[in-house]
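One structure is given below, encoded as structure tokens.
The values are calculated or read from the model by the stated rules, or taken from the named source; none is laboratory data. Computed from a predicted model, the values in this text were never measured in an experiment. Positions of Cβ are generated from backbone atoms using ideal geometry, with glycine treated the same way; all protein chains shown enter the neighbour counts. Ligands, DNA and RNA are stripped out before the accessible areas are found, and what is left, the full protein with its side chains, is counted by its heavy atoms. Shrake-Rupley method; radii C 1.70, N 1.55, O 1.52, S 1.80 Å.
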Amino acid sequence: MSRPTARIAARFAALAAEGRAGLVTYVMAGDPDAARAQAILDGLPAAGADIIELGLPFSDPMADGPAVQAAALRSLKAGGSTRKALAQLAAFRKTDQTTPVVLMGYFNPIYIYGPERFCRDAAAAGADGLIVVDLPPEEDAELRPFAQAAGLDLVRLATPTTDDKRLPTVLSGASGFLYYVAVLGVTGTRSAAADQVATAVARIRRSTTLPIAVGFGIKDAPGAAAIARHADACVVGSALVALSDKPTSLHGLVRDLAAAVRGARTKQIA
Amino acid sequence: MNQINSFRAGPDESGHFGLFGGRYVSETLMPLILEVERAYMAARKDPAFQKELDYYLAHYVGRPSPLWFAERLTKILGGAKIYLKRDELNHTGAHKINSCMGQILLAQRMGKRRIIAETGAGQHGVATATVCALFGLPCTVYMGATDIARQAPNVFRMKLLGAEVKPVTSGTATLKDAMNEALRDWVANVEDTYYIIGTVAGPHPYPMMVRDFQSVIGKEAREQFLAAEGKLPDKLVACIGGGSNAMGLFHPFLDDRDVSMDAVEAAGLGLESGKHAASLQGGRPGVLHGNRTFLLMDEDGQIDEAHSISAGLDYPGIGPEHSWLHDIKRVKYVAATDDEAIEGFKLLSRTEGILPALEPAHAVAHVARIAPALPKDYTIVMNLCGRGDKDIFTIGERLGVKL
């Protein structure tokens, strides 16, 4: 089996070769219950997800809007936990060895799990990277070495408030891809403006060769297509988790999004 | 710590008190947090800023607050000599306004035009709404729906002062959820908004900044006590939720090794019941709301619901500097239950003619527990950080008082 980080790099290389942006789908582990969460996760690649973000449930998700908050609470209520999220990922890896999976969550459950043990177990379960929303570069020294040792990319976030002065701090030690937060605000509330995203992505590209995924505020196929013209990947989360009680509807939306993302650049040329 | 022999040198440059503190916030907030830090460090060194703050504290807040020798309470308990630092006499009825005044002056310096805050008991919300009315700034206060129900008088006060009170129904609908919601608002409105945090928690520089503004309590108490007794007190006592009133009283005394300090956490229905808000005695280190500190949580790191009859202490965390002081054992952390707080409330009301808020009623309960066995020349200063008017309905109901 290839080293975990290879999956993210390989996927972005393949997307570049195809000349299109990727679709990153965010779903919450254990939401709305273990069985349906597994069905949702297992069906994402066939529905058109290029990369998967698997949310780790947390009781106090400060950076998330109502949809993801509700998803986290549903997961916890149904018995979800960090350990079970890793088990869900390990089960997924029995059916899929190529789709990159990035675990996304908050630091406290990882800190309590033990950063070193968490990185080891996450890599063993088949994770390729980590996004820890409330762990800025200034604080991530207690996770980064363990992530690197386990072969996990620690994906950094840049936002509209990350100016040129701060960008080098964010990029230093970043790996896998850069996650650009398109809006000021929490997940699933405001809509991302494609022209502003285009400017921001162009600005960031001058400082890094990492692929840039754009998320927060992409709700539907037209929105995804607009972002896919500029970014290397676009992330959809809140709109998906809102459908977690109906896995087939969720996969249906992923198919629509995938079609929009795949057609985005050809349409622009035409 | 750069001064090895001082307990007052923290935090370090990255905002840590030993293992605790720090800046655990999303990237959107990071530049703003750094900007608040720069602005505060500049203001802290600016004599004009301190002069302006002193003016408002003296002429608007009503400082210095008296240090009252509680003679009848002392006699009835029959042991140690008890003084009360009367911060409940401040405008708005609690210590919270000390920090709100400092922070709104800072917000003005930073050119921020909109203020947000979280509140538990509503005292911080009222103090924030008050300074916003005074300076003509729009104010939004996030308050848990559970707390809105049990602290109705303060909700009315905030609304009458022109603040928008936004009920928070997510999570447990109490103080921690109000703080989550305020942080979400801030992320969405970073450009024009300043977040007035009510306690010595949150990301650096808040724990340091709120402590500095609240330290006026301890500085005054030190001078007043020296004038009254010609020595320093033997012990300081304060209640603790997030810990701002305790930090404010304790900090100026931290290097006076002979002054012992007891901080009283809310034991709710009892520490062994699991239904309490005693983060230091029932929790362990974790990361929430921008800092590492002792938290109540389950084995997966999910934050637990706190429990206390007092909305102001009903928080599953505690300021990071307290976690550090606990670790190095400079301050002793004890607890009082809901029932003991009610007894403390009754005791102070009937011996001194002062209705304490339910929060400092926990401190009264601890004083009542330890004073009788102490010698008569042993002196205690207790921070009476808020008045009980807001709690009369809760207490009346609990005691079955008929009107």
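Some notes on this structure:
- For region B:20-43, filtered to residues that are of a type in the set (A, V, I, L, M, F, W, C) and touching a helix residue (DSSP H, G or I) at 6+ places or on another chain (Cβ under 7 Å), the residue that is nearest to A:VAL183 (Cα to Cα) is B:LEU29.
- Pick from region B:108-145, criterion crowded, with 24+ Cβ neighbours inside 10 Å and of a type in the set (Gly, Ala, Ser), ranking: farthest from B:ASP389 (Cα to Cα): B:ALA117
- Some residue of region A:29-44 being at pLDDT below 95 and within 14 Å of another protein chain (Cβ to nearest Cβ): no
- Of the residues making up region A:53-111, those that are open to solvent by 20 Å² or more (accessible area, probe 1.4 Å), touching a residue at least 60 places away in the same chain (Cβ under 8 Å) and either charged (D, E, K, R) or at positive phi (or both) number 1.
- Test: residue in region A:246-262 that is of a type outside the set (A, V, I, L, M) and over 24 Å from A:ALA29 (Cβ atoms): yes
- Remark: pairs (first residue in region B:319-344, of a type in the set (Lys, Arg); second residue outside any helix (DSSP H, G or I) and open to solvent by 10 Å² or more (accessible area, probe 1.4 Å); Cβ separation under 8 Å; 6+ apart in sequence or on different chains) = B:ARG330/B:PHE7; B:LYS332/B:SER260.
- Every residue from region B:214-252 that is among the hydrophobic types (A, V, I, L, M, F, W, C), surrounded by fewer than 24 Cβ atoms within 10 Å (Cβ to Cβ) and touching a residue at least 24 places away in the same chain (Cβ under 8 Å): B:PHE225, B:ALA228, B:LEU232
This table checks each residue for (1) outside any helix (DSSP H, G or I); (2) touching a helix residue (DSSP H, G or I) at 6+ places or on another chain (Cβ under 8 Å); (3) assigned by TED's automatic domain parsing to the domain that holds B:GLY202.
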site	(1), (2), (3)
B:LYS219	no, yes, no
B:GLU223	no, no, no
B:LEU232	yes, yes, no
B:ALA238	yes, yes, no
B:ALA246	no, yes, no
B:ASP256	yes, no, no
B:ASP262	yes, yes, no
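- Entry remark, region B:262-294: residues being open to solvent by less than 10 Å² (accessible area, probe 1.4 Å), over 18 Å from the mean Cα position of the chain (by Cα) and free of Cβ contacts under 8 Å to residues at least 60 places away in the same chain number 1 in total.
- Scope region B:23-51; condition in contact (Cβ under 8 Å) with a residue 60 or more places away in the chain, within 14 Å of chain A (Cβ to nearest Cβ) and of a type in the set (D, E, K, R); matching residues: B:ARG23, B:GLU35, B:GLU37
- Lone qualifier among B:ILE76, B:ILE104 - being on the phi < 0 side of the Ramachandran plot, outside the structural domain of B:GLU220 (by TED's automatic domain parsing) and in contact with a Ser or Thr (Cβ under 9 Å, 6 or more places away or on another chain): B:ILE104
- Within region A:121-141, the set of residues being more than 14 Å from every other protein chain (Cβ to nearest Cβ), part of a helix (DSSP H, G or I) and either farther than 25 Å from A:LEU41 by Cα or touching a Lys or Arg at 6+ places or on another chain (Cβ under 8 Å) (or both) comprises just one member, A:ALA125.
- Selection within region B:181-235: residues that are acidic (Asp, Glu) and over 27 Å from B:HIS366 (Cβ atoms). The member of this set that is modelled with the lowest pLDDT is B:GLU191.
- Residue in region B:291-312 that is away from chain A (no Cβ under 14 Å), in contact with a Phe, Trp or Tyr (Cβ under 7 Å, 6 or more places away or on another chain), under 26 Å from B:GLU340 (Cα atoms) and not basic (Lys, Arg) present: no
- Residue within region B:325-343 that is surrounded by fewer than 24 Cβ atoms within 10 Å (Cβ to Cβ) and within 14 Å of chain A (Cβ to nearest Cβ) present: no
- Flag if B:ASP389 is closer than 22 Å to B:PRO66 by Cα and outside any loop (DSSP other than H, G, I, E, B): yes
- Among the residues of region B:337-381, those that are under 26 Å from B:ASP258 (Cα atoms) and among the hydroxyl-bearing types (Ser, Thr, Tyr) comprise B:TYR378, B:THR379.
- Test: residue in region B:65-84 that is open to solvent by less than 10 Å² (accessible area, probe 1.4 Å), closer than 30 Å to A:VAL183 by Cβ and among the aliphatic types (A, V, I, L, M): no
- Residue match in region B:307-316 (condition: without any contact (Cβ under 8 Å) to a residue 12 or more places away in the chain and open to solvent by 20 Å² or more (accessible area, probe 1.4 Å)): no
- Pairs meeting the criteria (first residue in region A:114-134 and under 13 Å from A:VAL101 (Cβ atoms) and touching a residue at least 60 places away in the same chain (Cβ under 8 Å), second residue outside any helix (DSSP H, G or I) and open to solvent by 10 Å² or more (accessible area, probe 1.4 Å), beta carbons under 6 Å, at least 6 apart or on different chains) are A:ALA123/A:ALA150; A:GLY129/A:ASP153; A:GLY129/A:GLY176; A:ILE131/A:MET104.
- Filter pass, B:VAL259 being without any contact (Cβ under 8 Å) to a residue 40 or more places away in the chain, in contact with a strand residue (DSSP E or B) (Cβ under 7 Å, 6 or more places away or on another chain), away from chain A (no Cβ under 14 Å) and not acidic (Asp, Glu): yes
- Condition check for B:GLY15: on the phi > 0 side of the Ramachandran plot, crowded, with 22+ Cβ neighbours inside 10 Å and touching a residue at least 60 places away in the same chain (Cβ under 8 Å): yes
- Residue-level check: of (1) open to solvent by less than 40 Å² (accessible area, probe 1.4 Å); (2) within 14 Å of chain A (Cβ to nearest Cβ); (3) under 27 Å from B:GLY15 (Cβ atoms), B:SER170 misses just (3).
Residue-wise test of (1) in a helix (DSSP H, G or I); (2) closer than 21 Å to B:VAL155 by Cα; (3) acidic (Asp, Glu); (4) touching a Gly at 6+ places or on another chain (Cβ under 9 Å).
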site: B:ILE309; (1), (2), (3), (4): no, yes, no, yes
site: B:ARG330; (1), (2), (3), (4): no, no, no, no
site: B:ALA336; (1), (2), (3), (4): no, no, no, yes
site: B:GLU343; (1), (2), (3), (4): yes, no, yes, no
site: B:ARG350; (1), (2), (3), (4): yes, no, no, no
site: B:HIS366; (1), (2), (3), (4): yes, no, no, yes
site: B:VAL401; (1), (2), (3), (4): no, no, no, no
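- Restricting attention to region B:297-306, the residues that are surrounded by fewer than 24 Cβ atoms within 10 Å (Cβ to Cβ) and touching a Ser or Thr at 6+ places or on another chain (Cβ under 6 Å) add up to 3.
- Within region B:24-42, considering residues that are open to solvent by 20 Å² or more (accessible area, probe 1.4 Å) and charged (D, E, K, R), the one nearest to B:THR293 (Cα to Cα): B:GLU37
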